[in-house]
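The next block holds one structure in the form of structure tokens; read it before the comments.
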Amino acid sequence: MDAKEIIARRVALELRDGMLVNLGIGLPTLVARFIPPGMSVAMQSENGLIGFSAPPPEGMENRDLIDASGGLIMSLPGAASFDSATSFALIRGGHVDMAVLGALQIDAAGRLASWMIPGKFTPGMGGAMDLVAGAKRVIIAMQHVAKGEPKIVESLTLPPTATRRVSLIVTELAVIEPTDEGLALRERAPGVSVADIVASTGARLIVPEVTPEMPLCRD
Amino acid sequence: MRKSAITAEAAAQLVPDGARVMIGGFLGVGSPDRLIDALVARGARALTIIGNDTAYPTVGVGRLIEAGCVARVEVSHIGTNPTTQRLMSAGAIDVELIPQGTLAERIRAAGSGLGGVLTPTGVGTVVAQDKQVIEIDGASFLIEKPLRADFALLRAHEADYYGNLTYRLTAANFNPVMAFAADCVIVEPDEIVPVGVIPPDAVRTPGVLVTHIVGRAR
């Protein structure tokens, strides 16, 4: 199981029946593959759709039906389409139960940077700032380090996406929850030691006496 | 009021160099491709484009960027178009990045006669620079001003002769909200149908907002 699959499987365990969920571009979209059979989760695509799955059968694609990454999708029975103002009313208005987003950096206060690296790459924020402002829970799905450098840092060196503290950070090494006291280590991935996690993290972690192993599927 | 169809080429002639132009679409889906091609063919210059993104170099708004028609973009995302990135770094194009929900609401505010909107999005980030922050019941909000344009170039699914519009699936995106926010609204529909074919409840943009309809391709 590679790093991305570990992350997607663990994030999927946060899904609950009846939720409206928005998955960000990239790694977060993998979470959709691990929705348990029988669970009803409505997926929102910020470009104007609730209720989709990807991809359509070959030859059945519709060019007017894409997700926020530009990938061709299928609408599901019961789907609803709407314009961008309505889509972001859903997002900002607290109607989205859970947003799963990637990140470039997270700091000790649980703040997120995800939309630019000054002087190098400026993709833009797209819908990320609205999602962080409005979703009930914001879960960060990201690899623990980038090019050997920790992505979890004491304070952000990149421009923040919002001032809000994210709800949970899931990486291929650990599950970490930002709290009033700081970043609390909640789980470690199978075969990963607490020392490994601390060594790959650029911010102080609150480590419990016993760190349980990360579950990757439901009991 | 009944409108007569114009060609994409005639529509492109209406849009002068230097105009502020809203263009519907999300990564090219729901963008008026024939109008974009006609602007490229006319050799339009120094346009300001307002829209969600700059798509890809060969798709949608990206074709205007590639052809050198654009001096400035006001969009939420340019990550899918390396040409926009390169021109921005070289100082050849101005890029204002606007959170997507804020972009939709600023356009909506302009089109509905509001003096602006209050949003929590962007508080404490670079988006808040030079903007007023106000507190309401203990929460902070940015004042975001209305965003208008000279032209809105829209893609619809159906238009009737009055300009009543329908949209399909994710091709609606910014089109319905932009229909309110420009002096001249030009729509490129997939289909044109006689008045009465679109049931009133199915109309998503009332025809009174539409200035010109681009006729079917010949």
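What are the residues in the stretch A:186-204 that are more than 30 Å from residue A:130 (Cβ to Cβ) and either assigned to a strand (DSSP E or B) or aliphatic (A, V, I, L, M) (or both), if any?
Of everything in the stretch A:186-204, those that are more than 30 Å from residue A:130 (Cβ to Cβ) and either assigned to a strand (DSSP E or B) or aliphatic (A, V, I, L, M) (or both) turn out to be A:188, A:189, A:192, A:194, A:195, A:197, A:198, A:199.
Would you say residue B:142 is buried (at least 17 other Cβ atoms within 10 Å of the Cβ), of a type in the set (A, V, I, L, M, F, W, C) and more than 16 Å from the chain's Cα centre (by Cα)?
Yes, satisfied.
Looking only at the stretch B:101-131, count how many residues are in contact with a helix residue (DSSP H, G or I) (Cβ under 6 Å, 6 or more places away or on another chain) and within 12 Å of chain A (Cβ to nearest Cβ).
Initially, the stretch B:101-131 is screened for residues in contact with a helix residue (DSSP H, G or I) (Cβ under 6 Å, 6 or more places away or on another chain), giving B:101, B:104, B:107-108, B:116-117, B:119-122.
The next check asks that each one be within 12 Å of chain A (Cβ to nearest Cβ); those that pass are B:101, B:104, B:107-108, B:117, B:119-122.
Matching residues across the stretch B:101-131 total 9.
Select from the stretch B:154-168 the residues that are surrounded by fewer than 22 Cβ atoms within 10 Å (Cβ to Cβ) and out of contact with any Lys or Arg (no Cβ under 7 Å at 6 or more places or on another chain) and write down the one among them that is nearest to the other protein chains (Cβ to nearest Cβ).
The extreme case among them is B:168.
Table: residues versus (1) modelled with pLDDT of 95 or more; (2) over 22 Å from residue A:134 (Cβ atoms).
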residue: B:117; (1), (2): yes, no
residue: B:151; (1), (2): yes, yes
residue: B:196; (1), (2): yes, yes
residue: B:216; (1), (2): no, yes
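Only one of these conditions is not met by residue A:131: (1) surrounded by fewer than 20 Cβ atoms within 10 Å (Cβ to Cβ); (2) under 19 Å from residue A:41 (Cα atoms). Which number is it?
That leaves (1) as the condition not met.
Do we have any residue at all in the stretch B:176-186 that's within 14 Å of chain A (Cβ to nearest Cβ), assigned to a strand (DSSP E or B), touching a residue at least 40 places away in the same chain (Cβ under 8 Å) and surrounded by 24 or more Cβ atoms within 10 Å (Cβ to Cβ)?
no
Can you find, within the stretch B:151-174, the residue that is nearest to residue B:14 (Cα to Cα) among those that are of a type in the set (A, V, I, L, M, F, W, C) and part of a loop (DSSP other than H, G, I, E, B)?
Per the stated criteria, the residue is B:174.
For residue A:219, indicate whether it is over 17 Å from residue A:14 (Cβ atoms) and free of Cβ contacts under 8 Å to residues at least 12 places away in the same chain. Before the answer, list the steps.
Details: over 17 Å from residue A:14 (Cβ atoms): no; free of Cβ contacts under 8 Å to residues at least 12 places away in the same chain: yes.
No, not satisfied.
Of the residues that sit in the stretch B:106-137 and are free of Cβ contacts under 8 Å to residues at least 12 places away in the same chain and charged (D, E, K, R), which one is nearest to residue B:180 (Cα to Cα)?
B:130
Restricted to the stretch B:209-218, and to residues that are of a type in the set (A, V, I, L, M, F, W, C) and surrounded by 12 or more Cβ atoms within 10 Å (Cβ to Cβ), which residue is nearest to residue B:32 (Cα to Cα)?
B:214
Could you tell me which of the residues A:121, A:52, A:88, A:82 is among the aromatic types (Phe, Trp, Tyr), farther than 23 Å from residue B:104 by Cα and out of contact with any His (no Cβ under 9 Å at 6 or more places or on another chain)?
Answer to the check: A:121.
Checking residue B:148 against (1) over 23 Å from residue B:14 (Cβ atoms); (2) away from chain A (no Cβ under 13 Å); (3) among the charged types (D, E, K, R), which single condition isn't satisfied?
Only one criterion in (1) over 23 Å from residue B:14 (Cβ atoms); (2) away from chain A (no Cβ under 13 Å); (3) among the charged types (D, E, K, R) is unmet by residue B:148, namely (1).
Look through the stretch A:177-192, keep the residues that are touching a strand residue (DSSP E or B) at 6+ places or on another chain (Cβ under 6 Å) and farther than 12 Å from residue A:109 by Cα, and return whichever of them is surrounded by the fewest Cβ atoms within 10 Å (Cβ to Cβ).
For the stretch A:177-192, the residue satisfying everything is A:190.
Restricting to the stretch B:187-208, name every residue that is more than 18 Å from the chain's Cα centre (by Cα), touching a residue at least 12 places away in the same chain (Cβ under 8 Å) and assigned to a loop (DSSP other than H, G, I, E, B).
B:194, B:195, B:196, B:197, B:198, B:203
So how many residues does the stretch A:46-59 have that are more than 7 Å from chain B (Cβ to nearest Cβ), closer than 20 Å to residue A:24 by Cβ and in contact with a strand residue (DSSP E or B) (Cβ under 6 Å, 6 or more places away or on another chain)?
Total satisfying the criteria: 5.
With the checklist (1) surrounded by fewer than 17 Cβ atoms within 10 Å (Cβ to Cβ); (2) under 25 Å from residue B:117 (Cα atoms); (3) facing chain B (nearest Cβ under 10 Å) in hand, flag the one item residue A:62 doesn't pass.
Single failed check for residue A:62: (2).
The values are calculated or read from the model by the stated rules, or taken from the named source; none is laboratory data. Source: prediction; values computed, not measured. So basically every Cβ, Gly included, is an ideal-geometry build from the backbone, and we count neighbours across all protein chains shown.
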